[in-house]
Structure formats: C-alpha cells, structure tokens
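Here is the structure we will look at.
The values are calculated or read from the model by the stated rules, or taken from the named source; none is laboratory data. For clarity, every value in this text was computed on a predicted model and none was experimentally measured. So basically every Cβ, Gly included, is an ideal-geometry build from the backbone, and we count neighbours across all protein chains shown. Accessible surface areas use protein heavy atoms only, side chains included; no ligands, DNA or RNA. Shrake-Rupley method; radii C 1.70, N 1.55, O 1.52, S 1.80 Å.
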Amino acid sequence: MSTTNDTFLGHHLRSMTTAQVLADKASSQPDRVFLRYLPDGREITFAQLDALSNRIANGLARAGVEHGTHVAVLMDNSPEELLTFFALGKLGAVAVPINTANRGASLKYLLTHSDCAALVVDYGLWDRFSELSSDVPKLRTAIVLRGSSNDAMPDAPGLNVLDWRSFEDEPDTPPTAQVHFTDTAYIIYTSGTTGPAKGVMITQTQCFMWGLSHARAFGHRSSDVIYICLPLFHVNALQGATYNALMLGSTIVLQKRFSASGFWNDIRANDVTITNLLGSMVNILWSRPAETSDSDNRLRMCMSAPIPAFGPGFEQRFGLRFIQSYSLTDFGPSHAYTLVDPADRLGSCGRVRAGVLARVVDQDDLSLPNGERGELVLRHEVPWMHSQGYYKMPEATVKSWRNGWFHTGDRGYIDEEGYFWFLDRMKDAIRRRGENISAYEVEQSLQSHPQVKEVAVFAVRSEMSEDEVAAAVVLRDGAYVTHEELIDFCRHAMAYFMVPRFLVFMDDLPRNPSHKVEKFKLREMANDDMSLLWDRERAGIVIKR
C-alpha cells in the first residue's frame with residue numbers, strides 16, 4: 001500500500017470514534033430520522049441522537065463512569081439501550097452487553113469476569129441482578145431504567161442505585177473525554193467451546209468499519225430503511241445493522257423482538273427495504289399460510305444465515321432477494337453473498353470482502369486446494385479491522401491466532417469461483433435460534449445436580465434448520481431423577497435457550513482410548529434414531545424467557 005493511501009487510511013480510521021461520527025451526522029443531516037421505535041412510535045433524528053447521548057454521557061460521568069470503566073448493559077431493545085451504548089462510547093468507557101436471558105451463575109460469571117464497575121439495567125430485569133448483587137463486589141453502581149414513573153426505585157445494600165431518566169436532564173454539551181479510535185468500545189461475550197464464555201474486545205473503529213463493510217459489500221443506500229427485531233446485545237443487530245445505518249445516515253426501525261404475526265405488518269407500514277433474519281425465523285415465516293399480499297412490500301434484500309433449501313421459493317413468494325454474510329463476533333465480517341452474485345451460489349457465504357484474506361487449511365495449517373474441506377482461517381490487510389482478542393484470556397487469544405491467522409473453528413471449502421461454503425462447526429458449540437450455546441456451560445450446570453454424575457451435551461438436527469440441545473446423562477450409583485425434574489432444575493440454572501430439549505439417560509458415555517467422550521457417536525446415535533431421546537416439547541413442557 002502506498003504512503004499516500006496509508007495517510008488517507010490513517011486519517012479515515014482516526015475519525016471513527018463515537019463522538020466524531022455522531023457529531024458529523026448531526027451536522028450534515030440533523031433532521032433525518034435515525035431511529036423509529038415501534039412499540040411506542042418514538043422517532044429520534046440524528047441531531048437528537050447526538051444531543052441525547054451527550055446528556056446520558058454527562059449523567060454517566062456524574063455517576064463515576066470514566067474512560068476505561070467497564071459497564072454492563074442488561075436491557076431489551078429500546079432507544080435507551082442504544083443511547084446508553086453511544087454515551088459510553090463518547091466517554092471512552094467499555095460497554096458489556098449482556099444477553100437478557102442470562103441469570104444465576106451465568107450472569108454472575110459475565111459480571112465478574114468482565115470487571116464491571118457499573119450496570120445499566122431495565123427495571124423488569126432488576127430481580128435477576130439483585131439476587132446476586134452481593135456476589136459481584138466490583139460492581140458498586142446500578143442505573144435503572146424504569147418502565148414508568150410509578151415504578152418504585154429499587155434498593156440494594158452497598159449499591160449506589162440511580163435513575164436512568166435523571167440523566168436526561170443533564171446538559172447536552174459534548175463530554176470532554178479524550179477517546180482514541182483504538183479504544184475498546186465493547187466486550188461482547190460469545191459461547192466458549194471447552195470452557196467458559198469468552199469476552200471479545202471490539203474497538204471503536206471496528207464498530208463503524210464493520211457497518212461500512214456491510215454497506216459497501218451489499219450495496220446499501222442512505223435512503224434504505226433497516227428493520228431490526230434481533231437483540232441489540234448481539235453483533236448482528238448492533239454492528240451489522242445499527243452501525244451500518246450510522247455510517248450511511250439511514251433509518252433503523254426498531255422492534256423489541258421478532259413476532260411472526262406482526263413481522264410483515266411492520267415491514268409494510270414502515271417501507272422497510274432491508275432486514276436481517278435467522279434461519280429459524282425464515283422457517284417460521286415460510287410455514288405460515290400463503291396470502292395474496294405476501295409480496296406486497298419494499299424489501300430489497302434480506303440477510304439470513306443459513307439460507308434454507310426453499311430459499312428460491314421464499315424469494316419468489318415474498319418478492320425479495322436473500323443475501324448472506326459470514327461474520328464472527330471473534331473476528332468481524334469476512335465474506336458476502338450479494339445481489340449481484342449468481343443464483344447457483346445461493347446458500348454459500350459468498351466471496352471474501354475487500355481487505356480480508358481467507359484460506360481453508362488442514363490440521364497443520366497448510367492451505368488446501370479449492371474444493372477440499374478444511375478449517376477457514378482469516379486475516380485482515382488493514383489494522384484494527386478485526387476484534388482484538390479475548391478479555392483476560394491470553395492463551396485462548398494466542399491459540400485462535402496461531403501462525404498469524406484467525407482460526408474460525410468452522411469447516412467448509414472454497415469453490416473454483418472463490419465462494420466459501422460452510423459445512424459444520426469443528427468446535428464444540430451449538431447454534432440454536434440465533435444463540436451460540438456453550439456445551440461446556442450447560443454441562444457444568446447439569447453436573448451441579450446432586451443426582452448427576454456426568455453429562456455430555458451435544459447438538460442434534462432441528463426442524464428449524466438449526467441445532468437443538470441434547471444431553472446424555474449418567475446418574476450417580478443408586479440415584480434416581482425424572483426427565484421433568486432435570487428440566488425444572490435447568491430452568492432455574494441457565495438461560496432459557498440453553499435448556500436441553502432432548503435427554504437420554506445412559507450407563508456410561510462413549511469414550512476413545514484416552515478416555516475422552518466421543519460426542520460424534522452421541523450425535524450419530526441421536527440423528528439415526530431420535531426416538532431414543534426424551535423430548536420435552538413432546539412432553540408438553542414450555543420454557544419461557
């Protein structure tokens with residue numbers, strides 16, 4: 001790269017901080033609507049976004065949040081959640097988005113491992129934190145977003161509990177914090193494989209360049225309207241959609257969560273042109289009765305992962321085109337299947353994006369020819385474009401970046417035209433309804449049951465084209481417990497989406513000569529004959545959020 005290009009790139013990257021980007025948008029298009037929140041109809045322009053996030057930042061600073069402070073955010077989709085993220089960014093603080101399904105031991109782990117000194121929490125989620133607040137000694141400030149003025153402010157011994165709404169009365173002058181584009185903006189936890197969840201460190205500039213990468217790869221426009229119904233505590237909705245809109249100066253339409261019955265009404269009523277779905281959501285929409293109005297919408301493109309076999313039929317029925325991105329919290333976006341790619345490559349992850357290098361390698365990290373199956377490894381040509389490793393996990397960071405390439409843990413191949421086709425996960429993680437689940441964490445929770453001796457958790461095929469969680473359980477000698485009792489135990493020990501759907505009691509687990517559990521044999525056993533497994537859905541047990 002030439003010196004001139006290096007100078008231009010350096011100037012461009014250095015401008016990618018929350019304060020500068022929001023101020024630039026507020027100046028260049030102050031009256032354009034950035035956010036429309038469907039549950040209550042509120043709209044926020046770019047000028048208001050900049051001013052409101054300044055107010056919240058000044059309130060947070062008054063509460064003791066400063067550059068480098070780690071702040072957990074336990075909130076459902078809302079304008080206040082986004083304002084909190086942007087306010088923290090303006091202070092140079094580090095936001096730690098928490099999946100709202102977490103509770104108990106998993107929530108305690110995330111709050112303690114991330115070294116959070118403060119928490120911003122929805123009033124309706126306060127109980128999840130309050131029951132373990134005394135076990136998180138570093139966290140001394142809790143900022144509560146009340147649902148209404150009638151909600152009594154909670155109290156907790158030893159905690160400074162503040163009202164989020166009081167920050168709205170702060171001055172809207174920009175904070176004075178000195179923030180660098182390489183500062184960590186987020187620590188986002190992704191499921192571990194053979195250990196606890198790992199906190200991925202994402203810089204300020206990566207957030208905006210992630211959004212810009214999507215915009216460039218897929219041909220997004222400033223006139224686009226982006227519908228978000230996926231949770232903002234994941235990178236799909238946050239970096240992939242929200243920061244995309246910020247870079248383009250376009251509008252996002254935010255819903256609290258996905259609703260099959262309300263989805264198309266939202267799309268039509270708001271002239272939505274772009275949205276992101278998960279494979280299970282696509283299946284749900286496809287399975288609904290066809291209507292003459294199905295194609296009556298302005299959607300130009302819909303990102304889905306994976307794209308199901310009935311993808312072409314879905315496109316025709318609903319009058320849209322599928323796109324696909326290969327993106328990892330641990331790295332960032334690397335591949336894109338776009339509107340200009342040929343139809344016979346639908347279902348692939350697309351070709352590698354500008355500035356990214358990709359190879360498929362064997363077990364010795366040696367490149368394989370096109371068409372041969374191996375692990376996808378990635379690297380950026382531009383500095384600060386990828387995530388910066390795992391917080392307080394140097395060994396895991398070094399292992400994932402061995403030989404100078406990020407090892408995705410995903411197996412696939414690159415065809416003769418350069419398209420990457422994902423096959424399966426080499427790592428011991430489970431993907432269910434858009435959530436990455438650590439088999440290790442489910443196993444640890446189940447093994448804490450007094451009647452359980454050993455557990456192996458694994459993925460089985462789902463009707464929704466993603467994984468379902470299955471657990472093979474070995475009980476202690478002479479112990480007895482029912483399937484229903486185990487599920488009830490899980491309901492209180494882990495996030496709802498982690499609770500196994502399938503259980504099987506075994507005398508012992510299959511092992512190799514080194515005594516390691518051979519989970520592939522459990523998967524084969526289950527997928528060959530699912531009747532061997534007890535199914536909680538068939539038993540009529542519903543797990544709620």
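The number of residues in the range 18-38 that are of a type in the set (D, E) and either within 25 Å of the chain's Cα centre (by Cα) or part of a helix (DSSP H, G or I) (or both) comes to 1. Residue-level check: of (1) outside any loop (DSSP other than H, G, I, E, B); (2) open to solvent by 10 Å² or more (accessible area, probe 1.4 Å); (3) touching a residue at least 60 places away in the same chain (Cβ under 8 Å); (4) over 18 Å from A495 (Cβ atoms), S106 misses just (4). Whether any residue in the range 130-144 is more than 19 Å from R103 (Cβ to Cβ) and of a type in the set (G, A, S) is what I want to check. Scanning the range 130-144, I find no residue that is more than 19 Å from R103 (Cβ to Cβ) and of a type in the set (G, A, S), so the answer is no.
Pairing residues of the range 473-493 that are within 22 Å of K544 (Cβ to Cβ) and in contact (Cβ under 8 Å) with a residue 12 or more places away in the chain with residues that are basic (K, R) and surrounded by 13 or more Cβ atoms within 10 Å (Cβ to Cβ), at Cβ distances under 6 Å and at least 6 apart in sequence or on separate chains, gives I487/R536.
This table checks each residue for (1) at negative phi; (2) in contact with a strand residue (DSSP E or B) (Cβ under 6 Å, 6 or more places away or on another chain); (3) open to solvent by 40 Å² or more (accessible area, probe 1.4 Å).
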{"site": "G147", "(1), (2), (3)": "yes, no, yes"}
{"site": "G211", "(1), (2), (3)": "yes, no, no"}
{"site": "I226", "(1), (2), (3)": "yes, yes, no"}
{"site": "H234", "(1), (2), (3)": "yes, no, yes"}
{"site": "Q239", "(1), (2), (3)": "yes, no, no"}
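Would you say D266 is on the phi > 0 side of the Ramachandran plot and either assigned to a strand (DSSP E or B) or in contact (Cβ under 8 Å) with a residue 40 or more places away in the chain (or both)? Judged against the criteria, D266 is not a match. Across the range 327-371, the number of residues qualifying as surrounded by 12 or more Cβ atoms within 10 Å (Cβ to Cβ) and part of a loop (DSSP other than H, G, I, E, B) comes to 14.
Condition check ((1) in a strand (DSSP E or B); (2) within 24 Å of Q48 (Cα to Cα); (3) at pLDDT 95 or above; (4) open to solvent by less than 60 Å² (accessible area, probe 1.4 Å)) across all residues:
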site	(1), (2), (3), (4)
N150	no, no, no, no
M153	no, no, no, no
L162	yes, yes, yes, yes
E168	no, yes, yes, no
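May I ask you to verify whether R216 is in a loop (DSSP other than H, G, I, E, B) and either open to solvent by 10 Å² or more (accessible area, probe 1.4 Å) or in contact with a His (Cβ under 7 Å, 6 or more places away or on another chain) (or both)? Against the criterion (in a loop (DSSP other than H, G, I, E, B) and either open to solvent by 10 Å² or more (accessible area, probe 1.4 Å) or in contact with a His (Cβ under 7 Å, 6 or more places away or on another chain) (or both)), R216 does not qualify.
Of the residues that sit in the range 282-292 and are closer than 20 Å to V253 by Cβ and in contact with a helix residue (DSSP H, G or I) (Cβ under 8 Å, 6 or more places away or on another chain), which one is surrounded by the most Cβ atoms within 10 Å (Cβ to Cβ)?
In the first step, residues of the range 282-292 are kept if they are closer than 20 Å to V253 by Cβ; the result is 282, 284-285.
If we keep only those that are in contact with a helix residue (DSSP H, G or I) (Cβ under 8 Å, 6 or more places away or on another chain) too, we end up with 282, 285.
Details: V282: 23, L285: 18.
Only one residue tops the list, namely V282.
Restricting the range 245-259 to residues that are assigned to a helix (DSSP H, G or I) and touching an Asp or Glu at 6+ places or on another chain (Cβ under 9 Å), the residue that is most open to solvent (accessible area, probe 1.4 Å) is L248.
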